[in-house]
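Nothing in this text is a laboratory measurement; each read-out follows from the coordinates by a stated rule. Predicted model only: the values in this text are computed from it and were never measured. Glycine gets a Cβ as well: all are built from the backbone with ideal geometry, and neighbour counts include every protein chain shown.
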Amino acid sequence: MSRSFLFLVLALVSCELFAQVGDRAHGKEVYEHWCSSCHAPGARKHPGTSALEFIYKGEKSGVLEERLDLTPELVALFVRNGVKIMPPFRKTEISDKDLLDLGAYLSPQR
C-alpha cells in the first residue's frame, strides 16, 4: 500500500473524526501521559522539543503546547504515522477519542 494512499485514508477518517469537538481537559491528560516526556518545555530533557527547536531555528516554538499552527488533523497525522524518530501510535495506545481530545488541546482556541 502506498504512503499517499495511507494519507488519503487518514484524511478521510480525520474529516469524520474531527467533525466532532474534542475535550481539551482530557486532551491535556493524554498529552501529559503520552507526549510530555518528549515534547514538554526544556530541550535538554525532552528530545522532541530539542529536535523541533533545531528544525525550526526559532521561527516556531519547539514546545507543542506553545504552537499556534497545530490543527487536530495535523496532530492526528503525526501521531498515527510518526515522523523521523517519533514512533506512530496505534489505536490501542491512543484511541480515536483520545486523539480527538489531544488535537483539541494542542490546537489554538477557535
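Would you mind ranking T71, T92 by Cβ crowding within 10 Å, fewest neighbours first?
Going from least to most buried by this count: T92, T71.
Neighbouring Cβ atoms within 10 Å as the yardstick, rank V75, V83 fewest first.
V83, V75
Output wanted: per-residue J couplings in Hz (rounded whole) for region 74-89, from phi through Karplus 6.51 cos²θ - 1.76 cosθ + 1.60, θ = phi - 60°, x for Gly and Pro.
Whole-Hz 3J(HN,Hα) from phi for region 74-89: 5, 4, 4, 4, 6, 5, 6, 9, x, 7, 6, 8, 6, x, x, 10.
Which lysines does K45 reach when only Cα atoms under 20 Å apart count, and residues fewer than 8 places away in its own chain are ignored?
The qualifying lysines are K28, K57, K60, K84.
For a quick check: sort R24, R90 by the number of other beta carbons within 10 angstrom, fewest at the front. Numbers along the way, then the final one.
On the way: R24 15, R90 10.
Fewest-to-most ranking of R24, R90: R90, R24.
How far, in nm, would the chain grow between R44 and L74 when pulled straight, counting 0.36 nm per residue and subtracting the alpha carbon separation?
Residue separation times 0.36 nm, minus the Cα-Cα distance, leaves 8.3 nm.
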